[in-house]
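Have a look at the structure below before the remarks.
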């Protein structure tokens, strides 16, 4: 594993030639590119973790010397030869002659706290207006990143993340068109929320070298189904030191979606709607029966006090139409909450040197099957049969004992999109 610092360089583009705005940092035709500057050698330990739908992080231990202090000062950009992603050092400490440098993914450092505003609106970190998108989820992610990158401050001064480009999105046959109303605010948090909702990957990567240097590029991607090609399992000697977690600490199999209290004793009152996920609990109890059945019911009451008469159409809309719309909203929110509260089924371990599969940026002279974050694979534990899951994290580590790779796979929730309604919820 080879770890490099990245050095930014600025240069002026020819003002007499047309340039895409995406290639500029400011309105005076400046552009920033990045070069690999120095290799960080002699570290005692390096841990580099990438995540599918959120930012990763890194931790480096180095002997305390003046040269090493300069290499890992806060704000330094880092790139690993076996990774496409970029980390930025955020803190550096010294104890017992050892430097500990901690960094975060450029995705979080560069986009967090950066509000997004739609040209030509003036930039504000807390914007009150919403914006509605109708497009594929990947294109909505692209647009959020694009508008966050094209920022204007209150003096209408143009600010772009230095050297950042927003990658294009090619339509895929499986793309769905959705409508999302996005609140103005923190770009990183908005990107992560959208990516997790639609199981998409996001990241800031280093482009291949061009004439002048590397660009930073924001991209989103969907994983591939590799369940027929890839199986990690101790039984195949390609997976070791397996850790397994099965938890239902946050699990609910019933959500009671409550109508707003303001509608009580009005013509808009409806009964609460009880939604269940029978696929996650095969013993879902029916009508009241033996007491032992009730312990299986894990209910969450979901309040919806933000819904108003205006939400349902306002004055002039038929009462029954409003009530139908209210029921539809409660069902939709209840289903979404059930998905959030599934059981955790997580399995991770170490990919052995004998593994015939390679992470996307690793040397691959034999053209072995390649996987990356977001791909769907089969993975087996020491005591459990293989399960299908998504690679949500990938950790690379290097220390005196050697280099290791650790993918984390999270089993997909078996969600039954139920519209079951049980209004006789009293006493449950």
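At an R0 of 56 angstrom, the distance between the Cβ atoms of residue 208 and residue 258 translates into a FRET efficiency of 0.60.
Gain on full extension, evaluated as 0.36 nm per residue between residue 240 and residue 225 minus their Cα-Cα distance, stands at 3.1 nm.
How are the alpha carbon pair distances in segment 32-98 distributed across 10 Å bins from zero to the largest one, expressed in percent? Histogramming segment 32-98 at 10 Å steps yields 17, 55, 25, 3 percent.
Taking 16 Å as the cut-off, the amide N atoms of segment 48-67 that come nearer than this to a point 7 Å along the Cα-to-beta-carbon line of residue 94 belong to 61-67. A simple spin-label model places pseudo-atoms 7 Å from Cα toward Cβ; at residue 319 and residue 364 they are separated by 6.4 nm.
No value in this document is a laboratory result; all are computed from the given coordinates. Here the structure is a predicted model, which is why all the values come from computation and not from measurement. Neighbour counts are summed over all protein chains in view; Cβ atoms, including those assigned to glycine, are modelled from backbone coordinates with ideal geometry.
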